[in-house]
Amino acid sequence: MAFLDTAKGQKLFAKYLAKYKGGSQRVYRSEIQQFFDFKGLDINQVDAAALHEYQGHLAVQHSPATTKRKFSILNNFFKFVATAVKGFVNPIESLDTFKTHKGAASDEFKKYLASFLAEQNTKNTRRSYENQVKLFFTWAGKDLAEIDIQAILAYRDHLRNEKRHKDSTIWNKFVALNRFFKFVERENRKFKNPIFFKGLKLIFPKKDKGYYSVLSTAESERLLKQVNKRTAIGKRDYALLLLILVYGLRANEVAGLRHKNLERERVKGQQKAWIVDRKGKFQNRPKTAIILSGRALRAFDDWLDTVGRQGVTVDGETPVFLPFIYDRNNQELVIRRDRKHQPLSVKAVENVVKKYLVKAKISREEATLSPHALRHTAFTMLAQEGVKLQDIQKLAGHQDINTTMIYVHAAQSYDDHPGMHNPLNR
């Protein structure tokens, strides 16, 4: 008796088909029924020989692509049966002849991934998402249509038990995957995002407390005083720190600033610089501008003059902030000319900030201060000075003004706060 004619087979078949709706359900019902009608097999009689025979039968009437699609449907059903029938092993999974998936090598996957990456704002985001998505599909060895919650849970267990990753690391990996799946779901109505974060039972990664820390004006001044502005590297570091503390640039934005991003002509003695490849993408603009003036511009010019005095020839692709190397002959730090087209790494900028925070003895309990704390400091100071929220949003590059609101919350005044006006507090 054919498996689908048995009471157990009918029950499992109905349960499996319940996952699909409308036309998909009818197609799956027909394709699976056709296989079992072909030989009248019970489930434990499904083996390589039966599959080869059925493949030959299909090849007479159908193209290789259609045969592949039919075996893909059978493969998904057999995987489901393997979870419900003790002792049954999906024969398609163990036989390369019948495997239909290509995983990361699939043309469909490559098309979706390329379109997904094209929508990302920054180079770092594109690189990170591409790596995480490819890692998953290479590990899974499955096509998009075959990815289900079981595959997601298996990947989580693989990352936990074999790779020994922390839950916070796993969470970030699934964030990248989730965004890719949501994109595919938007583009293909038949695809359903298999990720359900609550079901993953991961510990949500909290930002380091130092991420949201803010330096006071006095602390900021103390930090800047630690820089030896008589040295070439000190001039660089001083200008770099001021760009973060005054304009709230991110570490990667400071590192990525190149001479081609600077306007050639100055207006009223001020320098416009374009910040490109920004996270957040204010009003969907590919770049936003900052205008250097005052103390920050003087430090900026002092650094650029130093680059010229050291004989470094710059062009549009030359990063504004260059790396240094120790010259043993002269026993001093000099600009590294062999890397004049390679920007500082984000880690290098973080190290600069850390160096002067340590020298200034500025720290926070149970928190690590970073360039982002200096970024928050810049916008909090602007909010305290009464700068309009929309202007801070534009400077920060925030797409959502709600993100900028945190600086308003931190900008309460000791001279005129709401509590002073409450009649019960007089």
Item to check | Highest-fluctuation residue, 163, 354, 110 considered, GNM on the chain with Cα pairs under 10 Å | outcome: 163
Next on the checklist: Run the reach check for residue 110 against lysines, Cα to Cα strictly under 17 Å, same-chain hits fewer than 8 apart removed. What comes back?
Outcome noted: 102, 134, 142, 182
Item to check | Rel. contact order, % - alpha carbon contacts under 8 angstrom, at least six apart, region 276-384 | outcome: 14
Checklist outcome for this item: Residue separation between residue 336 and residue 29 times 0.36 nm, minus their alpha-carbon distance, gives in nm 103.8 nm
Next on the checklist: Return the Rg/Rh ratio of the chain with Cα-based radii and a Kirkwood Rh.
Outcome noted: 1.13
Item to check | Amide H contacts of residue 292 (H built 1.01 Å from N, under 5 Å, at least 5 apart or other chain) | outcome: 271, 272, 273
Checklist entry - Over region 191-348, what is the mean sequence separation of C-alpha contacts under 8 Å (at least six apart), divided by residue count, expressed as relative contact order in percent? => result 21
Checklist entry - Build a GNM of the chain with springs between Cα atoms under 10 Å: which of 232, 218, 378 gets the top mean-square fluctuation? => result 218
Checklist entry - Roughly speaking, what is the centre-to-centre gap between region 60-87 and region 160-239 when only Cα atoms are used, to the nearest Å? => result 41
Item to check | Fluctuation leader among 109, 174, 36 - the chain, Gaussian network, Cα springs under 10 angstrom | outcome: 36
Checklist outcome for this item: The pairs in 15/190; 173/279; 21/163; 79/198; 123/190 lying past 28 Å Cα-Cα in this model are 21/163; 123/190
Checklist outcome for this item: Excluding ligands, DNA and RNA, the carbon-plus-sulfur percentage of the accessible area of the chain with a 1.4 Å probe reads 50
Item to check | the chain: relative contact order as a whole-number percent, Cα under 8 Å and 6+ apart | outcome: 13
Checklist entry - Going by alpha carbons, how many degrees (0 to 90, nearest 10) lie between the helix axis of 48-61 and the longest principal axis of the chain? => result 90
Checklist outcome for this item: Binned at 10 Å from zero, the C-alpha pair distances of region 1-44 give percents of 29, 55, 16
Item to check | Within straight-line cross-link reach of residue 235, lysines at Cα separation under 26 Å, skipping those fewer than 8 residues along the same chain | outcome: 225, 260, 268, 272, 340, 347, 354, 355, 359, 361
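The values are calculated or read from the model by the stated rules, or taken from the named source; none is laboratory data. Note that this is a predicted model, so its numbers are computed, not measured. Heavy atoms of the whole protein, side chains included, go into the accessibility calculation; ligands, DNA and RNA do not. Shrake-Rupley method; radii C 1.70, N 1.55, O 1.52, S 1.80 Å.
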